[in-house]
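Notes to accompany the following structure.
The values are calculated or read from the model by the stated rules, or taken from the named source; none is laboratory data. Computed from a prediction, not measured in an experiment: that's the story for all the values here. When we count neighbours, we look across all protein chains shown, and the Cβ atoms used for this are built from the backbone with ideal geometry, even at glycine.
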Amino acid sequence: MGAGLKREVSLSSPILEGRNVRLRPPRTDDADVRVALGNSAEIGEMFGVSRGDLKPVTREGAARWLQWLADHPHAWVIEINGAFAGEIRLDNVNRQDRRATMAIGINNPALLGKGFGTEAITVLLHHAFGEMGLHRIGIRVLAYNKRAIRAYEKCGFVVEGRERETAYVNGSWHDDIMMGLLDREFLSRDTIES
């Protein structure tokens, strides 16, 4: 891990490799890339941020975010072609019930819609259902984020419900879609596709 971040690489966040995507712990130089990428209004809206509320990414803000990511026990930077592209993480990990929630963000608009998010999710799911032994992963996504919903469905997630008017974005209320995936569903899909 690069100098400047306080956490060392641990077994809880190993480097995970896919065909085109690498999931790794954050490095100090990722903050510079994050600042250079800035905040895209399109990406911000997918996270529920109104265009008028979008703030510039500062070096200090990027460093704080990167430290938060480094301190998170189940978070990775998404690296594509050797460069920072975003983040993916498992939150709310419950070992007793063997479940967690997942969050992903591709911060580079040029990389959207090219399958990198789907691949990053698949790589993480192999780790979550394999090495971590989880039984269930849940996701919540804004109903208008059709690209993310398609990516989740490609990975095997199914819609489990809808929470109405959970986010106020750009002057309107929007619903959240609740999605989930069980280990046996993912593993049977993975066996069929192999």
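Scanning region 41-70 for residues that are touching a residue at least 12 places away in the same chain (Cβ under 8 Å) and of a type in the set (Phe, Trp, Tyr) yields PHE47, TRP65.
Condition first: surrounded by fewer than 18 Cβ atoms within 10 Å (Cβ to Cβ) and closer than 16 Å to ALA110 by Cβ. Now tell me which residues in region 19-32 satisfy that. Listed by number, the list holds a single entry, ASN20.
Selection within region 43-77: residues that are among the β-branched types (Val, Ile, Thr) and closer than 24 Å to VAL169 by Cβ. The member of this set that is surrounded by the most Cβ atoms within 10 Å (Cβ to Cβ) is ILE43. Please verify whether region 121-142 includes one or more residues that are over 30 Å from ARG51 (Cβ atoms), aromatic (Phe, Trp, Tyr) and in contact with a helix residue (DSSP H, G or I) (Cβ under 9 Å, 6 or more places away or on another chain). Looking for residues that are over 30 Å from ARG51 (Cβ atoms), aromatic (Phe, Trp, Tyr) and in contact with a helix residue (DSSP H, G or I) (Cβ under 9 Å, 6 or more places away or on another chain), one finds at least one in region 121-142, hence yes.
Of all residues being in contact with a Gly (Cβ under 7 Å, 6 or more places away or on another chain) and buried (at least 19 other Cβ atoms within 10 Å of the Cβ) in region 84-98, which is nearest to LEU134 (Cα to Cα)? Just the residue, please. So that I can check it myself, show each step before the final result.
Looking only at region 84-98, we keep the residues that are in contact with a Gly (Cβ under 7 Å, 6 or more places away or on another chain), and these are 86-87, 98.
Pick out the ones that are also buried (at least 19 other Cβ atoms within 10 Å of the Cβ) and you get 86-87.
On the way: GLY86: 23, GLU87: 20 Å.
Restricting to residues being in contact with a Gly (Cβ under 7 Å, 6 or more places away or on another chain) and buried (at least 19 other Cβ atoms within 10 Å of the Cβ), the top hit is GLU87.
Checking GLY180, GLY117 one by one, the residue that is closer than 29 Å to ASP71 by Cα, in contact with a helix residue (DSSP H, G or I) (Cβ under 7 Å, 6 or more places away or on another chain) and surrounded by 18 or more Cβ atoms within 10 Å (Cβ to Cβ) is GLY117 and no other. Condition check: modelled with pLDDT under 90, exposed (fewer than 14 other Cβ atoms within 10 Å of the Cβ), part of a helix (DSSP H, G or I) and not aliphatic (A, V, I, L, M). Does GLY2 satisfy that? For GLY2, the condition - modelled with pLDDT under 90, exposed (fewer than 14 other Cβ atoms within 10 Å of the Cβ), part of a helix (DSSP H, G or I) and not aliphatic (A, V, I, L, M) - is not met. Within region 88-117, restricting attention to residues that are charged (D, E, K, R) and without any contact (Cβ under 8 Å) to a residue 24 or more places away in the chain, the residue that is farthest from GLY180 (Cα to Cα) is LYS114. Does ILE137 satisfy the condition of being buried (at least 21 other Cβ atoms within 10 Å of the Cβ) and touching a Cys at 6+ places or on another chain (Cβ under 8 Å)? So ILE137 does not fit the description; no.
Do we have GLU153 as modelled with pLDDT of 95 or more, surrounded by fewer than 16 Cβ atoms within 10 Å (Cβ to Cβ) and either within 26 Å of ILE80 (Cα to Cα) or in contact with a His (Cβ under 9 Å, 6 or more places away or on another chain) (or both) here? So GLU153 fits the description; yes. When region 129-141 is filtered for residues that are farther than 15 Å from THR101 by Cα and either in a helix (DSSP H, G or I) or not charged (D, E, K, R) (or both), only GLY130 remains.
If you go through region 99-111 and keep only what is closer than 12 Å to GLU42 by Cβ and buried (at least 19 other Cβ atoms within 10 Å of the Cβ), you end up with ILE106, ASN107, ASN108.
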